[in-house]
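**Student:** The structure's right below; bear with me while I get my questions together.
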Amino acid sequence: MTVISNHMPTAELQALDAAHHLHPFTNGGELNTKGARIITRAKGVTLTDSEGNEILDGMAGLWCVNVGYGRKEMAEVAARQMLELPYYNTFFQTSHVPAIALSERLAKLSPHDLNHVFYAGSGSEANDTNIRMVRTYWAEKGHPEKKTIIARKNGYHGSTVGSGSLGGMTGMHAQGGMPIPDIHHIDQPNWYAEGGDTDPNEFGLQRARALEEAILELGEDKVAAFIGEPIQGAGGVIIPPETYWPEIQRICEQYNILLIADEVITGFGRTGNWFGCETFDIKPHIMTIAKGLSSGYAPIGGSLVCDEVAEVMNSCEFNHGYTYSGHPVACAVALENLRLLDEEGIVEKVGKETAPYLKKKWESLNEHPLVGETQLCGLMGSMALTPHKDSRAAFAAEAGTAGLICREHCFANNLVMRHVGDRMVISPPLVITNAEIDTLVERAWKALDQAHAQLKDEGLLKAAS
Ligand SMILES: *Cc1c(COP(=O)(O)O)cnc(C)c1O
């Protein structure tokens, strides 16, 4: 038997990875020629790879490690729960303390009357639950034809057939028979890329009113729900103009359709409040949660459901659930994560100190010739790369070319920053210190300089006409 461990040479680990591991959202052929970067351990905001490089994780893994890496308390809670009750289901008239305790905690923590939780193993699963839940809700109320869900282009809600259909990623829709029927996509509130000369707040209203137009076109009696992320995450950290959400709220109320806020990224302190719904004053019927719920230490997601929807769902049998709905170890880990975020004042500190500090530093990147705009809310931020600052022009090269070049330079400078097309995005662990923020921004600036030089050398600093 081969013992595969951290002590093996990187090249051997890469070869085994290439031979047997299929990676998500990756061109496997390209990766396998190059070899994956192997991460061996992490602490706080810092990853260590198999070559001993120390990398600042500006993405908190995949937007999820809110409490930072290496928290012993989380490991201890998981070990204790595994010894006491590693697994039991919540299907057939049974429950257990971790699920009960986490549900109570989430009900208290969340805004408004989101007092009920349906558990899933991930954000994708939770959004699949939401598709079936909102349709079942209306069917139970005598409106089975009220089943279309309106979502946004360039929104992200997960990667299963259902959640990927809610999402508006064209590259995903092109593979595997998506979207499923009765999902309708409207334009996104992305002023930088699509707003032209329109005033941002006017543009926010226009894009919200696209929901009203869609409802009128489809018929109010056919529309079950609208789903949106308070801030689009995977779409490039697009912070909508401030006029957008109040108008969406008004339209959902006026036409009697359910509002689903997908808070998989924006939840649990990311925007400086516990939930993005507080930051944007949104009152949803259902909230999707995952990622920061457990800071990624255990896979868990869920749907937080308001009293009214829960009452209807409780009046019928919902033929739906996952083996790992309310998994005791994941629930215990999530509960401990919420305790740390709360008792250590991590969320409060983001709002009061860390986010204002990062904002000042992040906005200084605006002075770089390659940067067209920066946006930041709490600890999620983005910057748009452009060959021509004043006109916000896109590059003539294929979208994502400049972004990828910039990301590679970030990596080479020991900074994880992701690119979405030609936007660079960050979402660091919430425990990042001011000194680490300084490092992040220094490395970002250096990577921008190097990307700028490379783009110039390769003749890629040209605007699309
Ligand atoms: C990541 C994400 C999801 C999907 O969550 P998974 O745990 O990857 O299934 C859903 N919605 C949003 C907004 C996300 O960012």
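**Student:** Can you list residues from other chains, or at least 5 along the same chain, whose modelled amide H is less than 5 Å from the amide H of Ala463?
**Tutor:** Amide H neighbours of Ala463: Ala396.
**Student:** When only alpha-carbon atoms count, how far does the range 73-343 stretch along each of its three principal axes, as whole angstroms with the largest first?
**Tutor:** Result, largest extent first: 60, 40, 37 Å.
**Student:** Once you sort the root eigenvalues of the Cα gyration tensor of the range 97-256 as a ≥ b ≥ c, which label holds: rounded (a/c under 1.5), prolate (a/b larger than b/c) or oblate (the other case)?
**Tutor:** It comes out rounded by the Cα gyration axes.
**Student:** Could you state the principal axis extents of the C-alpha atoms in the chain, from the largest down, to the nearest angstrom?
**Tutor:** Principal axes ranked by extent give 65, 60, 44 Å for the Cα atoms.
**Student:** Ordering Ile282, Ile239 by accessible area with a probe of 1.4 Å, largest first, what comes out?
**Tutor:** Ile239, Ile282
**Student:** Something else about it: Lys/Arg Cβ at +1, Asp/Glu Cβ at -1, dipole of the range 185-258 taken about the Cα centre: which of Ala193, Gln249, Leu205 is farthest positive-ward?
**Tutor:** The one lying farthest along the dipole's positive direction is Gln249.
**Student:** Starting from the residue with the highest accessible area, list Lys141, Lys43 in decreasing order, probe 1.4 Å.
**Tutor:** From most exposed to least exposed: Lys43, Lys141.
**Student:** Same structure, new question: Starting from the Cα-Cα distance between Arg392 and Ala174, subtract it from 0.36 nm times their residue separation and give me the gain in nm to one decimal.
**Tutor:** Fully extending the segment from Arg392 to Ala174 adds 75.6 nm.
**Student:** Could you please put Arg423, Arg209 in sequence from largest to smallest accessible area, using a 1.4 Å probe?
**Tutor:** Final ranking, largest accessible area leading: Arg209, Arg423.
The values are calculated or read from the model by the stated rules, or taken from the named source; none is laboratory data. What you are looking at is a predicted structure, and each value in this text was computed from that prediction instead of being measured. Don't worry about glycine lacking a Cβ; one is built from the backbone with ideal geometry, like all the others, and counts go over all protein chains shown. Please note that ligands, DNA and RNA were not included when accessible areas were found on the heavy atoms of the full protein model with its side chains. Shrake-Rupley method; radii C 1.70, N 1.55, O 1.52, S 1.80 Å.
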